[in-house]
Amino acid sequence: MPKSRVRKKADFTPPPVKNAGAIKLSNRGWVAPLMLAFFVVGLAWIVLFYVTQGSLPVDALGNWNIVVGFGFIAGGFVVSTQWK
């Protein structure tokens, strides 16, 4: 009976190295300052409304000034979704 041949395993060849510089992320340097600005303006709006007992920032809005302040804060959260 003939002897079977022994197969040689091929040497390990590592996969080619990918160039890490090829990935280009978009420049979103405006996101963090705008987000923080929305947060600060919203907080300042609400604090100013409470400190002045409703006479500032807009007297005609009355208690709706709180909604405006929270709207700025919500805008900050919306902008924060663009942050990478």
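The values are calculated or read from the model by the stated rules, or taken from the named source; none is laboratory data. Just so we're clear, the structure is a prediction, and the values are computed from it rather than from any experiment. Counting neighbours? That spans all protein chains shown, and the Cβs are built from the backbone with ideal geometry, glycine included. Each accessible area value is taken on the protein alone, full model and side chains, heavy atoms only, with ligands, DNA and RNA left out. Shrake-Rupley method; radii C 1.70, N 1.55, O 1.52, S 1.80 Å.
Summary table
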quantity: Hits in the range 70-81 (condition: within 16 Å of residue 30 (Cβ to Cβ) and open to solvent by less than 80 Å² (accessible area, probe 1.4 Å)); calculated: 75, 76, 79, 80
quantity: Filter result (open to solvent by 50 Å² or more (accessible area, probe 1.4 Å) and within 14 Å of the chain's Cα centre (by Cα)) within the range 29-44; calculated: 29, 30, 33, 34, 36, 38, 39
quantity: Every residue from the range 1-55 that is in a loop (DSSP other than H, G, I, E, B), modelled with pLDDT of 90 or more and in contact with a Gly (Cβ under 9 Å, 6 or more places away or on another chain); calculated: none
quantity: Residue in the range 59-69 that is touching a residue at least 40 places away in the same chain (Cβ under 8 Å) and open to solvent by less than 100 Å² (accessible area, probe 1.4 Å) present; calculated: no
